[in-house]
Structures are given as C-alpha cells and as structure tokens.
Amino acid sequence: MPSLPRIKRTRPRGPRGEVVVPAEPRVAELSAEDLTWIHLDAPSAAEAAALAERFGWHPLDLEDVLSRRQRPKIDDYPEYLFVVLHFPFYDKAVQRLNAAELDIFIGPDWLVTLPNVELLPVTRLFRRCAEDEAFRSEHFAKGSGRLLYEVLDDLLDYCFPILDKIGYKLEVIDEDIDEGRSEEIVRDIHKVKQEIISYRKIMRPQRPTLRLLERHVGRFLPEELELYFDDLVDAAERIWDVLDNYKEVVEALEVTNESAIAHRQNDVLRVLTVFSVILLPLTLISGIFGMNVDFPGYGSAPAFWVIVGLMVVTIAGLFAFFRFKRWL
C-alpha cells in the first residue's frame, strides 16, 4: 500500500510542541489625505531598522533612535527632518519626575513619532484620529507640519497640569510651616525641589530647540500656518517662567523652614539654660549646708526650713529676673 504524503506544518512549533502564534506588529499606522502617520512606543532595533529602510533615514539617525542619551536637537536633511525632544513624565518605578524622549521624523507626506516610553497625549491623539474619521481628515488635510504641531501642542499642554501639581505641593508646604510642622516637611521640600530641578533640566535645552524647529519646519507648512509653531515657543517660555518662579518659592520656603526650626531650637535651648541657671545656686546652697560642718542651728528643724526658704527665695528671684529680661 503506497504511503500517504506527509502533511507539512503551516505553523512553527515551540520546543514542547506548542503552537507559536506570530506576534502582531506593534507599528501603528494611519493614512488620510495623502498623509501617513506612524506611531510606535519604544521601538526595537528591528522595528527601527525596518522604518529606516522604508523612509530612507540616515544611519546616524537610526543610532540616535536606539540610544537613550540624546539631547534635544534637530537634524535637517533634504528629504526630512529628524527632531529629538524631551517631555516630563512621572516614572512610577522610581517615583520621581523623569524625562521621556520623543524622536520625530517628518517628511512632506509622512510623520513618524517614536517615544521611548508611552506619552499619553500622543497616544490619545493617535487613538482619536484612528476612531474619528472626520477628526483624522481635518488634521491630516493640512500637511505633516500641522499634524506635528498638534502632537507637540498636546504634549506641552500636558506639561501644565504637572506644574499645577508642583504648585499645589508648594502651597501645602507653606501651610504646614505656618502650622509649626517644620521638622516633618523637610523631606517634602526636598522632593519638590528635586522635581523642579528635574523639570528645569528637561526644559532648558528644549527652548532653543523649539525655536530652531519653528524655522526648519516651515517647508512642511502652508504659509498661513507658519505662526503656529511660535505658539509652541511661547508655551515653552511660559513653562520656564513658572519653573523659575517655583524655584524661587521653594528656596524661600526652605530658608523659612530652616529659620523656623532654628527659632524653635533656640526656644528649647533658652528654657533649658534658664532651668540650669536656676538649679545652679540651689546646688550651691545644698552643697554648702550639706558639709559636715557645724553651723548655727545645725541638725535642727528651724535651720532646715530656713535653708528651704532661702532656696525658694532664690528660685523666685531668678524667675522674676528672667521675666523682667523677657528671657521666659
């Protein structure tokens, strides 16, 4: 009996015979009005290389995408712009404010956004464009430059609630100082100060980069939309001004808190010094009359009460003196 042909496997199997389902591609792509937007969080080397081959990116740009230590910058090529920007986000792993890097490639009819971590404003805008066809057509119809403006505008708008949270923390610290909780808020001041420093480190190199972007991105914008990127520069400057103000406020709160702690410590030391000074003559009197030397009334009850009265008079006199000097 002739043997039947073997059926070839159509799916690869794992080491134990499990069916391995190929992973779905993570690259999200939208197209409308002759414009394509590709968005991908934390691309792998293979994914970034595939996009580089598709759009013809320079190898150095591909290295910058895979590197996580880039400063904000703009590389201008005849066919496209490569932009690196940083935005603040709260890292739950370390519980502090960190910088998220957003790598952007923009060409005449395409836009690629590659953040190294998920940036909620970009994710939400992309999702809304995917779900709302009219919204997508409205934003894609004005070119890649206008779409890039919408992405950056949402990201900068997202920066202001973070500033509001820092401002609220500063108000709480100010109220705590007024309530006399100086020792308890030293750590709170330190945390807020670290957030302000981290935020300033993110925004300082960002400001000149946005000014450069305003000039370079003009070739991807209609003439009537060239002023839009000036609005991004204004938003970055407003953020920087608020950070400058917060820096001065937290430094003033720190000085005030240290002064309050020092004042409270001085009060404690003053009280302890007064008690020590009061006890010193009492110790002297008890020492003198406690020697094994005969004195008038030695061993009698009246002499004991005279010594006690002398101590009471000494205490009252010293206390009255300190009150007169306003040391108590």
Furthest towards positive pole of dipole, S300, L163, A260, structure part the chain, Cβ charges: S300
For region 86-213, alpha-carbon Rg over 2.2 N^0.38 Å: 1.33
Region 176-322, relative contact order [Cα under 8 Å, separation at least 6], %: 28
Region 63-106 - percent of accessible surface contributed by carbon and sulfur, probe 1.4 Å: 45
Ellipsoid equivalent to the chain - semi-axes via the Cα gyration tensor, in Å: 75, 29, 15
By average C-beta atoms within 10 angstrom, highest first, the peptides 61-71, 264-274: 61-71, 264-274
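May I ask what percent, to the nearest 5, of DSSP beta bridges between residues of the chain are antiparallel?
On the way: 26 of 30 bridges.
Around 85 percent antiparallel, to the nearest 5.
Report, in debye and to the nearest 20, how large the dipole of region 42-152 comes out about its Cα centre when Lys and Arg carry +1 and Asp and Glu carry -1 on their Cβ. Can you show the working numbers first?
Values: 13 positive and 18 negative charges, 97 e Å.
So the dipole magnitude of region 42-152 works out to roughly 460 debye.
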Region 157-296, accessible surface, carbon-and-sulfur percent (1.4 angstrom probe): 56
Amide H within-cut-off set for V117, under 5 Å, with H built and near neighbours excluded: A42, E101
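I want the local charge near V84. Using Cβ-Cβ distances under 9 Å, sum +1 for each Lys or Arg and -1 for each Asp or Glu among the other residues.
Working: positive: R71, K73; negative: D64, D75, E101, D103.
Charge balance near V84 sits at -2.
Using a 10 Å cut-off on Cβ atoms, rank the peptides 309-315, 110-116, 254-260, 213-219 from the highest mean neighbour count down. Can you show the working numbers first?
On the way: 309-315: 12.9, 110-116: 22.6, 254-260: 15.1, 213-219: 17.0.
Descending mean neighbour count gives 110-116, 213-219, 254-260, 309-315.
Under a point-charge model restricted to the Cβ atoms of Lys and Arg (+1) and Asp and Glu (-1), what is the dipole moment magnitude of the chain relative to its Cα centre, in debye to the nearest 20? Walk me through the numbers before you get to the answer.
Numbers: 40 positive and 54 negative charges, 376 e Å.
Dipole of the chain, to the nearest 20 debye: 1800 debye.
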Global form of region 176-316, assessed from the alpha-carbon gyration tensor, a/c cut-off 1.5: prolate
For the chain: relative contact order, % (alpha-carbon pairs under 8 angstrom, 6 or more apart): 14
Gap separating the Cα centres of region 313-328 and region 221-272, nearest whole Å: 46
26 Å Cα-Cα reach of K165 towards lysines, excluding residues that sit fewer than 8 places from it in its own chain: K92, K191, K193, K201, K247
5 angstrom amide H check on G143, placed H, neighbours 5+ away: none
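How do W240, W305 stack up against each other in accessible area, from largest to smallest, with a 1.4 angstrom probe?
On the way: W240 25, W305 165 Å².
The most accessible residue leads, giving W305, W240.
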Rounded if a/c under 1.5, otherwise prolate or oblate - region 69-132, Cα gyration tensor axes: oblate
Whole-number accessible area per residue in Å² for the chain, which is evaluated in the context of all protein chains at 1.4 Å: 62
Length-normalised contact order of region 111-261 in % [C-alpha pairs under 8 Å, at least 6 apart]: 32
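The values are calculated or read from the model by the stated rules, or taken from the named source; none is laboratory data. Every value quoted in this text rests on a predicted model; they were computed, and no experiment measured them. For neighbour counting, all protein chains shown are included, and Cβ atoms are generated from backbone atoms with ideal geometry for every residue, glycine included. We work out accessible area using only protein heavy atoms, side chains counted, and drop any ligands, DNA or RNA first. Shrake-Rupley method; radii C 1.70, N 1.55, O 1.52, S 1.80 Å.
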